[in-house]
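Worksheet for the structure shown next.
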Amino acid sequence: MSFSHQVSITGPSGAPPETAVIRFVALLPEGWHAEVGEFQGDLARLRITAPPGTTPSEATRLAADILSRPGLQGWRLADH
């Protein structure tokens with residue numbers, strides 16, 4: 001069974017979260033999927049679905065790793 005995890009990201013004031021989400025989704029590894037939830041100001045919520053056997057902490061680490069890559073500087077995981 002796949003694991004689904006809610007992720008919220010926030011970025012610099014005025015930065016478009018739509019662009020950050022496109023970049024985030026493009027960097028997901030094979031077998032991972034994302035569904036966009038909502039945008040609020042500089043915050044975006046999405047649900048990522050991971051391959052079977054993925055733990056919540058592994059999903060969080062992957063999300064943090066993606067946000068550290070070029071094109072997403074200044075973006076970070078947000079509290080839900």
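The values are calculated or read from the model by the stated rules, or taken from the named source; none is laboratory data. Just so we're clear, the structure is a prediction, and the values are computed from it rather than from any experiment. Note that we place each Cβ from the backbone using ideal geometry, even for glycine, and neighbour counts take in every protein chain shown. Surface areas here come from the heavy atoms of the whole protein model, side chains and all, with no ligands, DNA or RNA. Shrake-Rupley method; radii C 1.70, N 1.55, O 1.52, S 1.80 Å.
When the residues 54, 49 are ordered by accessible surface, computed with a 1.4 Å probe over the protein chains alone, the sequence from largest down reads 49, 54.
Using just its DSSP H runs of length 4 or more, each adding -39500 (n - 2.57), the chain gives a mean residue ellipticity at 222 nm of -8500 deg cm²/dmol after division by all residues. Each residue of region 46-56 is assigned a 3J(HN,Hα), and the resulting list reads 8, 10, 9, 10, 9, x, x, x, 6, 8, x Hz, derived from the Karplus form 6.51 cos²θ - 1.76 cosθ + 1.60 (θ = phi - 60°), x at Gly and Pro. Annotation for residue 57 and residue 25: the two label points, set 7 Å from Cα along the Cα-Cβ direction, are 3.0 nm apart.
In order along region 21-32, the phi-based Karplus estimate (6.51 cos²θ - 1.76 cosθ + 1.60, θ = phi - 60°) of 3J(HN,Hα) comes to 5, 4, 5, 4, 4, 5, 9, 5, x, 4, x, 9 Hz; Gly and Pro are listed as x. Its Cα centre serving as origin, the chain has a Cβ charge dipole (Lys and Arg +1, Asp and Glu -1) of approximately 120 debye. In the full protein context, region 30-80 carries 61 Å² of accessible surface per residue, based on a 1.4 Å probe and ignoring ligands, DNA and RNA. Taking the 1.4 Å solvent-accessible surface of region 18-75 as the whole, the part contributed by carbon and sulfur is 53%. Among the GluC sites (Glu not before Pro) in the chain, those placed in a DSSP loop whose Cβ has at most 12 other Cβ atoms within 10 Å are 30. Largest accessible area first, the residues 45, 69, 23, 76 order themselves as 76, 23, 69, 45 under a 1.4 Å probe with ligands, DNA and RNA left out.
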